[in-house]
Amino acid sequence: MSSRASGLRRRALATSSQQILESGWFGALVFCLILANAALLGVETYTGVVHAWHDELKTLEGCFLAAFTAELALRAAAHADRPREFFRDPWNVFDLTVVTLALLPVARDNATVLRLLRLARVVRAARFLPQLRVVIVAVGKSLPGTLSFVLVGTLLLYVYAMVGWVFFAAADPEHYGSLGRAALTLFLLITLDGLGDAVRAGLEISRWTILYFASFVLLGSFVLVNLLIGVVINSLQEAKELETERAQTNAPPTQDDLQSKITALRQALDALETTSPRPHCNCGERRGHAG
């Protein structure tokens, strides 16, 4: 009985906490706290304000930390009946990390680390903005594809930098005098910055340099960049699908959903009754044995 009563209490705590978390006023309150925390960080960049209001700013920081700790405790309470589900949400893990590190003495004694942790709280605003949350998830999903893009881009830069060093080092040592200088020059050309000057300087060396610059700009500025855009768009589409599934999972069931589930249960019960063997009555045989 005690374990059952404990389970009921945890379920009641989770239900009440979840109702608070799903209420509109609570989300708006936390979002305003995050914006106010961001504003406080901006104010602390002014030395005169910090000297004049040092104690007040410290008090406000303590209030923000207490508010975010209470919010995290409420989110944990919403998973009291299923604690493992709390850690399956990446945002919960992120919030727990930021708040826990901010409470540690090591972080509070280091001003730089504490400022970075307080800055990380601003990222939590994405939790309350679905579109921004989709973009952040898309960036995370595009990292493997971006890594492949970086490897291909590095190989392209290396090959063209070596070719540039071979043909242009003597005539233009400022831009192609070494592999590093040539790679830096070509990296800037990917953005089309100074392309006209580079082409004119190359034409003074040889008219065939136009093929070198044209092929590099075509591969670097158009092909590679379009590949990167394709990776990001694909990741953005996957992130939108995940957000849609998450919204559908967290959405409360409608009357039609409940009615369809009841109908499905009734059909399953009817099918079970039809297929299950009926009990056979041996009343006559029993009377015969009794006689």
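The values are calculated or read from the model by the stated rules, or taken from the named source; none is laboratory data. Remember, predicted model here, so these are calculated numbers, not experimental data. Every residue, glycine as well, gets a Cβ built from its backbone with ideal geometry; the counts of neighbours run over all protein chains shown. Keep in mind that these areas ignore ligands, DNA and RNA; they rest on the heavy atoms of the full protein, side chains included. Shrake-Rupley method; radii C 1.70, N 1.55, O 1.52, S 1.80 Å.
When the stretch 154-173 is filtered for residues that are among the aliphatic types (A, V, I, L, M), more than 18 Å from residue 220 (Cα to Cα) and part of a helix (DSSP H, G or I), only 166 remains. So for the stretch 46-60 (the condition being open to solvent by less than 50 Å² (accessible area, probe 1.4 Å) and touching a residue at least 40 places away in the same chain (Cβ under 8 Å)), does at least one residue qualify? Scanning the stretch 46-60, I find no residue that is open to solvent by less than 50 Å² (accessible area, probe 1.4 Å) and touching a residue at least 40 places away in the same chain (Cβ under 8 Å), so the answer is no. Kindly indicate whether residue 211 is closer than 30 Å to residue 135 by Cβ, without any contact (Cβ under 8 Å) to a residue 24 or more places away in the chain and not aromatic (Phe, Trp, Tyr). Answer is no for this residue.
For the stretch 164-182, which positions are buried (at least 16 other Cβ atoms within 10 Å of the Cβ) and either in contact (Cβ under 8 Å) with a residue 60 or more places away in the chain or under 20 Å from residue 208 (Cα atoms) (or both)? Within the stretch 164-182, 164, 165, 167, 168, 169, 172, 175, 176, 182 meet the criteria.
For every residue, the table says whether it meets (1) within 30 Å of residue 109 (Cβ to Cβ); (2) among the hydroxyl-bearing types (Ser, Thr, Tyr); (3) outside any helix (DSSP H, G or I).
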| site | (1), (2), (3) |
| --- | --- |
| 5 | no, no, no |
| 11 | no, no, no |
| 26 | no, no, no |
| 29 | no, no, no |
| 59 | yes, yes, no |
| 62 | yes, no, no |
| 67 | yes, no, no |
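From the list 132, 151, 116, the lone residue that is without any contact (Cβ under 8 Å) to a residue 60 or more places away in the chain, in a helix (DSSP H, G or I), open to solvent by 90 Å² or more (accessible area, probe 1.4 Å) and closer than 21 Å to residue 235 by Cα is 151. One residue stands out in the stretch 226-243 among those that are of a type in the set (A, V, I, L, M, F, W, C) and either touching a Phe, Trp or Tyr at 6+ places or on another chain (Cβ under 7 Å) or modelled with pLDDT of 80 or more (or both): the one that is surrounded by the fewest Cβ atoms within 10 Å (Cβ to Cβ), namely 229. Any chance the stretch 91-110 includes a residue that's out of contact with any Cys (no Cβ under 7 Å at 6 or more places or on another chain), of a type in the set (Val, Ile, Thr), open to solvent by less than 80 Å² (accessible area, probe 1.4 Å) and in contact (Cβ under 8 Å) with a residue 60 or more places away in the chain? The answer is no; no qualifying residue exists.
Applying a threshold of 6 Å to beta carbon distances and a minimum spacing of six or more residues, or different chains, the list of pairs starting in the stretch 23-39 at a residue that is under 19 Å from residue 116 (Cα atoms) and in contact (Cβ under 8 Å) with a residue 40 or more places away in the chain and ending at one that is among the basic types (Lys, Arg) and surrounded by 13 or more Cβ atoms within 10 Å (Cβ to Cβ) reads 34/124; 37/121.
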